[in-house]
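The values are calculated or read from the model by the stated rules, or taken from the named source; none is laboratory data. Model, not experiment: these values are computed from the prediction. A quick note on method: Cβ atoms are made from the backbone with ideal geometry, for glycine too, and the neighbour counts reach across all protein chains shown.
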Amino acid sequence: MAVAAREQWSSRAGFVFAAIGSAVGLGNMWRFSYLTAEHGGAAFVVLYLGITALIGLPILLAELVLGRGSQRSPIRALAHFGGPAWQPLGLVFVAAGFLILSYYGVIAGWTLRYTAVALFAGFDATIADSFADVAQGADAFGLHVVFMVATIAIVAGGVKRGIERTALVLMPLLFVLVCGLAVYAATLDGGEAGYRYYLQTDFSAIFDRDVLTQAAGQAFFSLSLGMGAMLTFGSYLKRENHLPNESLLIAGADIGIAFIAGLVVFPLIFALGLSDRVAESTMGALFITLPQAFAEMGAVGRPVGFLFFAALVVGALTSAISLLEVVVSSAIDGLGWTRKRAAWAMGGLITLLGIPAAWNTEILEAMDQVANNFFLLGGGLALSVFVGWVMKDPVGEVAVGTSGVRWFFLWRALLRFVVPAVLLFVLFDAIPRTFESLAALF
Ligand code: PHE
């Protein structure tokens, strides 16, 4: 039976690093900075932190509990605790994996390009104007393919020898890179305006419903929640981990890196007097404004730019691995495929699905909105109902590996009442908005 032969992490560190690797990615450095810039600076940060603590953490713990408790991939895990009627939800998770990875790989391809530009050519003054050309078309697709092949090869290598080993090497490197860049950014003249912009709160934005929606979507995206990624990683755990502690660690690292990335991005942009460009380019903030900053920095721009984009590549790779693993583990468990076959076949299909996103950034942006506002937030709502109301003894399951049930009832109460209420409120706003942005495409 597939269940008996199930792969496992070889160490606690292996799991924790892989899970942090999943969480920390383009969401922290690309999405977080452009959303913050768009939605009132620290007002957005405050909402994002609140939602992460109140909604994100309980869902993260719920996913880990479902994975470890069932020792199965998402579709089977839901059937295990809730009966066959819940299997379709697992299929939705797999669909989300297809959708997100197909455009995530395209963005990761852009980061590959800029890393290569820094390495081989250096940034020049016109780089900002050429973003639209390099972000769309055959080149963008080609780099997406390169990135996907790397992702597939790692996932095909297995849980221990592929995913865990990659995370153990790359995640410490990422921490060092991001922290080093933040220290460097602090030495720049004129960066204070960037900190001010980043950290000053426009409190009125807190009551803006759109800001709340975006902050919720970002909390889910950044923590890899609502589509079974954390569930899948949890399914390779033995029964001795203290899951609440692991959740805190993962969320803490995720928030920490996002925050520190902001301390890199904003001082850089403001020190070079490029703050106007942030407002004019929304999701391109990172790929338009920063390369221009690196171009204008002179000689240091090249190594700094290289390290920055290399960090992005690393973050993107360890996140993409977890997206693909949701699909691959489902194909292994559900179709009886070998890991290699599942990784190359499913990964290949996802690569092809990236064509529309690689051809047009507006399509990419629309896919990102659909993924967040429908799939992740909707998936989170379903998960909270499932673990809060359907699953028999979630508190007993979370207590395994811990020495008590102290505040675990509070967790269940959050899942039962607070999380669904907030997510319903958010979805009520997010769904029509997403339809609008889809309609605008045609
Ligand atoms: N958390 C990843 C990031 O921040 C993206 C991701 C979303 C990964 C959902 C897995 C599942 O980049």
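I'm told residue 248 meets every condition in (1) within 30 Å of residue 94 (Cα to Cα); (2) part of a helix (DSSP H, G or I); (3) within 15 Å of the ligand (Cβ to nearest atom) except one. Can you identify the failing condition by its number?
The single condition residue 248 does not satisfy is (3).
Quick check on the stretch 306-327. Is at least one of its residues more than 25 Å from residue 34 (Cβ to Cβ), within 16 Å of the ligand (Cβ to nearest atom), of a type in the set (A, V, I, L, M, F, W, C) and crowded, with 24+ Cβ neighbours inside 10 Å?
The answer is yes; a qualifying residue exists.
Filter the stretch 217-232 down to the residues that are under 16 Å from residue 15 (Cβ atoms) and either of a type in the set (Lys, Arg) or assigned to a helix (DSSP H, G or I) (or both) and list them by number.
Passing the criteria: 229, 230, 231, 232.
Looking at residue 341 and the list (1) closer than 30 Å to residue 78 by Cβ; (2) in contact (Cβ under 8 Å) with a residue 40 or more places away in the chain; (3) charged (D, E, K, R), which single condition is not satisfied?
Among (1) closer than 30 Å to residue 78 by Cβ; (2) in contact (Cβ under 8 Å) with a residue 40 or more places away in the chain; (3) charged (D, E, K, R), the lone unmet condition for residue 341 is (2).
Test of understanding: among 233, 221, which residue is within 14 Å of the ligand (Cβ to nearest atom) and either among the polar types (S, T, N, Q) or within 12 Å of residue 48 (Cβ to Cβ) (or both)?
Numbers: 233 fails: either among the polar types (S, T, N, Q) or within 12 Å of residue 48 (Cβ to Cβ) (or both).
Just a single option satisfies the conditions, and that option is 221.
Report, by residue number, each residue of the stretch 48-66 that is farther than 14 Å from residue 226 by Cβ and either surrounded by 24 or more Cβ atoms within 10 Å (Cβ to Cβ) or among the aliphatic types (A, V, I, L, M) (or both).
48, 49, 53, 54, 65 - these are the residues of the stretch 48-66 that are farther than 14 Å from residue 226 by Cβ and either surrounded by 24 or more Cβ atoms within 10 Å (Cβ to Cβ) or among the aliphatic types (A, V, I, L, M) (or both).
With the condition kept exactly as written, say whether any residue in the stretch 174-190 is polar (S, T, N, Q) and over 23 Å from residue 109 (Cα atoms).
Yes, that holds for at least one residue.
Is it the case that the stretch 158-167 has a residue that's within 16 Å of the ligand (Cβ to nearest atom), touching a Gly at 6+ places or on another chain (Cβ under 7 Å), touching a residue at least 40 places away in the same chain (Cβ under 8 Å) and more than 19 Å from residue 324 (Cβ to Cβ)?
Taking every residue of the stretch 158-167 in turn, none turns out to be within 16 Å of the ligand (Cβ to nearest atom), touching a Gly at 6+ places or on another chain (Cβ under 7 Å), touching a residue at least 40 places away in the same chain (Cβ under 8 Å) and more than 19 Å from residue 324 (Cβ to Cβ).
Check 401, 378 and return the single one that is over 21 Å from residue 87 (Cβ atoms) and in contact (Cβ under 8 Å) with a residue 12 or more places away in the chain.
Of 401, 378, the one residue that is over 21 Å from residue 87 (Cβ atoms) and in contact (Cβ under 8 Å) with a residue 12 or more places away in the chain is 401.
Of the residues 404, 348, only one is among the small types (Gly, Ala, Ser), more than 16 Å from the ligand (Cβ to nearest atom) and at pLDDT below 95; which?
404
Is it the case, given these coordinates, that residue 14 is farther than 26 Å from residue 384 by Cα, in a helix (DSSP H, G or I) and more than 15 Å from the ligand (Cβ to nearest atom)? Let's see the steps before the verdict.
On the way: farther than 26 Å from residue 384 by Cα: yes; in a helix (DSSP H, G or I): yes; more than 15 Å from the ligand (Cβ to nearest atom): yes.
Taking the combined requirement at face value, the residue satisfies it.
Restricting attention to helices (runs of 4 or more DSSP H) lying wholly within the stretch 348-442, give those where 2 or more residues are surrounded by fewer than 16 Cβ atoms within 10 Å (Cβ to Cβ) and aromatic (Phe, Trp, Tyr).
Ranges flagged: 419-439.
As an exercise: evaluate residue 242 against (1) within 14 Å of the ligand (Cβ to nearest atom); (2) in contact (Cβ under 8 Å) with a residue 24 or more places away in the chain and give the number of the one condition it does not meet.
The failed condition is (1).
Restricting to the stretch 175-191, count the residues that are under 23 Å from residue 25 (Cα atoms) and in contact with a Pro (Cβ under 9 Å, 6 or more places away or on another chain).
3
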